[in-house]
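The values are calculated or read from the model by the stated rules, or taken from the named source; none is laboratory data. Because the structure is predicted, anything quoted here is derived from the model rather than measured. All Cβ positions, glycine included, derive from the backbone under ideal geometry; neighbour counts span all protein chains shown. Protein only, heavy atoms only, side chains kept; ligands, DNA and RNA dropped before computing areas. Shrake-Rupley method; radii C 1.70, N 1.55, O 1.52, S 1.80 Å.
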Amino acid sequence: MIIHIDTVPRPSPRPRFGRKTYNPSWYVDYITEIKLKMKAQRIIKLQGKLSIAIEVQDVRGDVDNIAKGILDAGNGILWVDDSQIMALSITKSSSPGITLLIMKF
């Protein structure tokens, strides 16, 4: 299954510490945007082990931090939990947005 999300990918920031641990508001807004765009595609939650290839627009940030937000946003929407992901590939490219290729592992 191929899913395209029309947004600029952003790397996951380090959590902030105060009275409790929290993420910056811009990151919470980014994750909310991705979740809404995933839900709009009306995908049935996938069960079992998965392999995922992610292609993202070339932006600043480490690929592992970019993948974290995308995978966390998919929890409960595209898959039950990102612990189902057994193989992961992420590539930066000149294509805009985020493209996910999801396959059974």
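Below is a table of values for the structure above.
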item	result
Sum of side-chain charges, L50 neighbourhood, beta-carbon under 10 Å (Lys, Arg +1; Asp, Glu -1)	+1
Accessible area in square angstrom per residue, the chain, 1.4 angstrom probe	61
Between helix 63-74 and the chain: long-axis angle, C-alpha atoms, 0 to 90°, nearest 10	70
Burial order of peptide ranges 69-82, 48-61, 16-29, 86-99 (average beta-carbon count within 10 Å, highest first)	69-82, 48-61, 86-99, 16-29
Helix-derived mean residue ellipticity, 222 nm - over the chain, DSSP H n ≥ 4, -39500 (n - 2.57), to 500	-8000 deg cm²/dmol
Proximal lysines relative to K39, as straight alpha-carbon distance under 26 Å, when same-chain residues fewer than 8 apart are discounted	K49, K68, K92, K104
Whole-percent carbon and sulfur share, accessible surface of the chain, 1.4 Å	53
Helix 25-39 axis, angle to the chain major axis (alpha carbon atoms, nearest 10°)	20
From the coordinates shown, semi-axes √(5λ) of the Cα gyration tensor in Å corresponds to which of [x] 53, 18, 8; [y] 31, 13, 11; [z] 21, 17, 13	[z]
